[in-house]
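Report on the following structure.
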Amino acid sequence: MTTLEPILSIRELVVSYGAIKALHGISMDVYEGEIVCVIGANGAGKSTLLNSVMGAVPIEMGEILFEGKPLAKRSHKVVASGISLVPEGRKIFGPLTVSENLMVGAFLRKDKEQVQEDLEWVYTLFPRLKERKDQPGATLSGGEQQMLSIARSLMSRPRVLLLDEPSLGLAPILIKEIFDELKLINKRGVTIVLVEQNARQALMLSHRGYVMQTGRVIIQGPSMELLSDPRVKMAYLGKLKT
Amino acid sequence: MGTFAQQLINGISLGSVYALIAVGYSLVYSILLFSNFAHGGFIVIGGYTCYYALRSMGNNIWVGGFLALLATGIAAALTERIAYRPIRERTDIKLYLLIASLGMSIVIENLFVVTIGGRFRALPPVIPTNPVRLFGITTTSAFDLLSMVVAVIFLTGLQLFIKKSKWGLAIRAAACDLRTAGLMGVNVNMLISIVFFVAGVLAAVGGIFLSVRYTLYPQLGAITIKAFVAAVVGGLGSLPGAVVGSLILGLAEMLTAGFISSQLRDLVVFSLLVITLLVKPTGLFGKEPLEKV
């Protein structure tokens with residue numbers, strides 16, 4: 001990328017759940033405008049990484065810098081500073097309508113007119129959400145719920161969007177659709193950090209990638225290189241056929 | 001016919017006071033998923049604040065009522081801050097909150113016993129209790145009508161707050177998933193304080209009416225057990241459920257007292273609880289356990 005200062009910088013991050021260490025000193029830099037993917041098996045600590053950025057998991061050691069300054073440690077302040085998370089498993093508010101879900105995403109914003117603009121924008125990105133805007137979120141299909149979850153997190157107008165396994169449980173055609181939308185979101189200037197088990201597609205979409213294993217980064221580099229890296233191929237791409 | 005209509009009105013009136021208490025209790029349950037037994041304490045705080053405000057500030061129910069609502073709201077938010085938040089921030093296990101709330105209920109009750117004594121007090125006669133002739137068929141008291149009207153006003157206000165305001169939306173979101181609401185930018189601690197404040201205000205309104213109905217004493221809060229039953233019958237965590245459950249309970253109690261025996265009213269109440277738990281444990285409007293994706 002560039003030699004600029006990273007927008008999001010994670011330094012020597014250590015996180016534990018009780019006696020179990022989930023992250024053993026992870027470092028990671030994300031530059032403005034990038035799509036960065038984090039791949040790795042179940043239990044590698046990918047979700048923990050995102051949750052600790054969001055302030056949802058306490059940090060034991062290390063620090064997280066956003067635009068060079070220490071990031072707040074409470075979720076609502078992290079959102080206010082310009083980072084939002086699309087949580088694993090979509091986590092939409094089932095009884096609330098689609099448009100109410102989106103308005104929760106815009107909870108912290110006071111600029112009503114721009115909220116309306118962003119609402120129109122996410123409806124253009126995901127037209128099916130507009131068709132269903134008065135339906136309870138729970139009545140949506142899995143793919144639509146994932147779209148809603150992404151749209152909801154965009155409503156805070158984040159500068160960095162974190163996504164935790166958006167492809168989980170979705171049909172390949174839907175995954176492709178959602179990844180295409182992520183590309184569009186990124187084109188609009190939103191920096192993206194994508195955590196995925198679906199390694200091949202995540203690497204194809206992203207500029208750079210990190211490979212995590214048991215709480216450590218074991219390989220990192222431009223996604224194109226990772227796609228052809230024999231270690232990555234063997235561990236994460238081996239069984240997939242294209 | 002006259003007696004029946006009278007008991008009907010009594011039942012709805014009592015039910016509407018239960019509803020004020022049950023709705024606040026259910027609101028807290030919907031967010032934190034534990035049974036806040038200190039809710040009865042809030043009623044007592046409301047009753048006593050009103051009593052002393054009336055005594056010291058010239059029997060003005062508007063002033064006394066306002067102060068009682070405010071003080072109880074703050075006391076409820078404070079209870080959460082002191083007793084529940086430290087637990088919430090350390091563990092997700094709800095049992096600890098439940099136990100803490102039992103403790104707080106004893107603390108609040110005994111604070112009153114120790115400081116002002118356990119004797120029964122009557123609120124100064126600021127709320128009219130004179131008989132009112134209704135449609136020429138029955139006689140009821142102004143107090144019963146007033147408690148219904150006030151309950152309707154407060155419950156409508158709550159409904160508007162929950163449905164129309166920004167924090168109301170956040171509360172509904174938090175009721176399905178508190179953690180995710182936090183990830184969306186909602187200040188979760190602030191939200192919980194607001195919820196406790198609102199629950200406290202509603203409990204104070206209930207407390208004032210109960211103090212007029214039954215006089216005021218430190219154990220008055222024990223009556224919340226009826227509101228708990230109402231909330232379970234209606235479906236824990238559901239606000240419309242809490243209202244409907246309360247009305248059913250109030251009616252069952254008054255009709256039993258009027259036509260069978262006053263001694264049996266509590267038996268009927270708890271039978272309703274047992275039947276609900278046997279037939280439909282989620283209550284009338286209760287959430288079925290959500291599917292996990």
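The values are calculated or read from the model by the stated rules, or taken from the named source; none is laboratory data. Please read these numbers as outputs of a predicted model, since none were measured by experiment. For neighbour counting, all protein chains shown are included, and Cβ atoms are generated from backbone atoms with ideal geometry for every residue, glycine included. To get the accessible areas, we keep the full protein, side chains included, count just its heavy atoms, and leave off ligands, DNA and RNA. Shrake-Rupley method; radii C 1.70, N 1.55, O 1.52, S 1.80 Å.
In what order, largest first, do B:Asp92, A:Asp118, A:Asp180, B:Asp177 sit by accessible area if the probe radius is 1.4 Å?
On the way: B:Asp92 130, A:Asp118 5, A:Asp180 65, B:Asp177 35 Å².
Heavy-atom accessible area, descending, gives B:Asp92, A:Asp180, B:Asp177, A:Asp118.
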If each DSSP helix of 4+ residues adds -39,500 (n - 2.57) and the sum is divided by the residues in chain A, what number results at 222 nm, nearest 500 deg cm²/dmol? -10000 deg cm²/dmol
Positive-end extreme of charge dipole, the protein assembly as shown - chosen from B:Gly41, B:Thr138, A:Met28 (charges on Cβ): B:Thr138
Excluding ligands and nucleic acids, what accessible area in Å² is computed for B:Ser30 using a 1.4 Å probe, to the nearest 10? 10 Å²
Residues along region B:179-205 losing 10 Å² or more of accessible surface when the other protein chains are present rather than the chain by itself (probe 1.4 Å): B:Arg179, B:Thr180, B:Gly182, B:Leu183, B:Met184, B:Gly185, B:Val186, B:Asn187, B:Asn189
Nearest 10 degrees, 0 to 90: what angle lies between the long axis of helix B:39-56 and the longest principal axis of chain B (Cα atoms)? 50 degrees
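Could you give the accessible area per residue of region A:163-242, probe 1.4 Å, as a whole number in Å²? Before the final figure, lay out the partial values.
On the way: 4190 Å² over 80 residues.
On a per-residue basis, region A:163-242 sits at 52 Å².
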Through the Karplus equation 6.51 cos²θ - 1.76 cosθ + 1.60, θ set to phi - 60°, convert the phi angles of region B:89-99 into ³J(HN,Hα) values in whole Hz; use x for Gly and Pro. 6, 9, 8, 9, 6, 6, 4, 5, 5, 4, 5
One point scatterer per Cα, no solvent, Debye formula: log10 I(q)/I(0) for region A:67-145 at q = 0.14, 0.15, 0.26 Å⁻¹ comes out as -0.54, -0.61, -1.33
Could you work out how far helix A:112-125 tilts from the main Cα principal axis of chain A, as a 0 to 90 degree angle to the nearest 10? 70 degrees
Apportionment of accessible area to carbon and sulfur, region A:189-236, percent (1.4 Å): 56 percent
All lysines inside 28 Å of A:Lys233 as judged from Cα atoms, apart from same-chain residues fewer than 8 positions distant: A:Lys21, A:Lys46, A:Lys176, A:Lys183, A:Lys241
Percent of accessible area on chain B owned by carbon and sulfur, 1.4 Å probe? 70 percent
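Greater than 32 Å separation of Cα atoms is the criterion. Which listed pairs, A:Lys73/A:Lys130; A:Lys133/B:Lys226; A:Lys91/B:Lys163, meet it? Spell out each step's value before the answer.
On the way: A:Lys73/A:Lys130 34 Å; A:Lys133/B:Lys226 40 Å; A:Lys91/B:Lys163 21 Å.
Table pairs above 32 Å Cα-Cα are A:Lys73/A:Lys130; A:Lys133/B:Lys226.
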Once phi for every residue in region B:67-81 is put through the Karplus expression 6.51 cos²θ - 1.76 cosθ + 1.60 (θ = phi - 60°), the whole-Hz ³J(HN,Hα) values, with Gly and Pro written as x, are 4, 4, 5, 4, 4, 5, x, 5, 4, 5, 4, 5, 4, 4, 4
Residue by residue through region A:154-162, what is 3J(HN,Hα) from phi via Karplus (6.51 cos²θ - 1.76 cosθ + 1.60, θ = phi - 60°)? Round to whole Hz and write x for glycine and proline. 6, 5, 8, 6, x, 8, 10, 10, 9
